[in-house]
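These notes concern the structure reproduced below.
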Amino acid sequence: MPNRTKLQASKAKWQMRLYVAGQTAKSIQALANLKRICEEHLPNEYHIEIVDLLVNPKLAAGDQIFALPTLVRKLPEPVRKIIGDLSNTEKVLVGLDLISSPSTLRS
């Protein structure tokens, strides 16, 4: 996948920020899962910003991050958050409002 330019990123319909703490196995898995889901369901319509809180921990306050990894969907509004490695594709799709709650997800 080619790198997005700033112009492309600003035109992306889906703006997401993934908060991580370094290159841990969970962080790497969360990014890989997010990229896969975006390519399958939002091709050419998304931009992912990765925020490493080991590098800049103060950034956690803006989105009220308390657990890692955390995905924050900035656009389209409303803001949505998903915590974890994003390995459950159905839960991520529901969390991002890409699909309605499937019957396989029960409380």
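Annotations
- Residues (in contact with a Lys or Arg (Cβ under 7 Å, 6 or more places away or on another chain) and under 16 Å from Val92 (Cβ atoms)) located in region 49-70: Pro69, Thr70
- When Pro43 is tested against (1) surrounded by 11 or more Cβ atoms within 10 Å (Cβ to Cβ); (2) under 15 Å from the mean Cα position of the chain (by Cα); (3) modelled with pLDDT under 95; (4) over 16 Å from Lys74 (Cα atoms), only condition (1) is not met.
- Residue in region 62-97 that is nearest to Ala25 (Cα to Cα), counting only those that are of a type outside the set (A, V, I, L, M) and in contact with a strand residue (DSSP E or B) (Cβ under 6 Å, 6 or more places away or on another chain): Pro69
- Hits in region 33-67 - residues which are closer than 16 Å to Gly22 by Cβ and in a loop (DSSP other than H, G, I, E, B): Leu53, Leu54, Val55, Asn56, Ile65, Ala67
- Looking at Lys58, Lys81, just one residue is basic (Lys, Arg) and either within 14 Å of the chain's Cα centre (by Cα) or at pLDDT 95 or above (or both), and that residue is Lys81.
- Residues that are β-branched (Val, Ile, Thr), under 15 Å from the mean Cα position of the chain (by Cα) and surrounded by fewer than 16 Cβ atoms within 10 Å (Cβ to Cβ) within region 46-55 comprise just one, Ile50.
- Index of the failed condition, Gln29 passing every other in (1) touching a helix residue (DSSP H, G or I) at 6+ places or on another chain (Cβ under 8 Å); (2) at pLDDT 95 or above: (1)
- Single residue of region 68-94 satisfying the filter (of a type in the set (Asp, Glu) and in a loop (DSSP other than H, G, I, E, B)) that is surrounded by the fewest Cβ atoms within 10 Å (Cβ to Cβ): Glu77
- Scanning region 1-26 for residues that are modelled with pLDDT of 90 or more, assigned to a helix (DSSP H, G or I) and surrounded by fewer than 15 Cβ atoms within 10 Å (Cβ to Cβ) yields one hit, Ala25.
The values are calculated or read from the model by the stated rules, or taken from the named source; none is laboratory data. Predicted model only: the values in this text are computed from it and were never measured. Note that each Cβ is placed from the backbone with ideal geometry, even for glycine, and that neighbours are counted across all protein chains shown.
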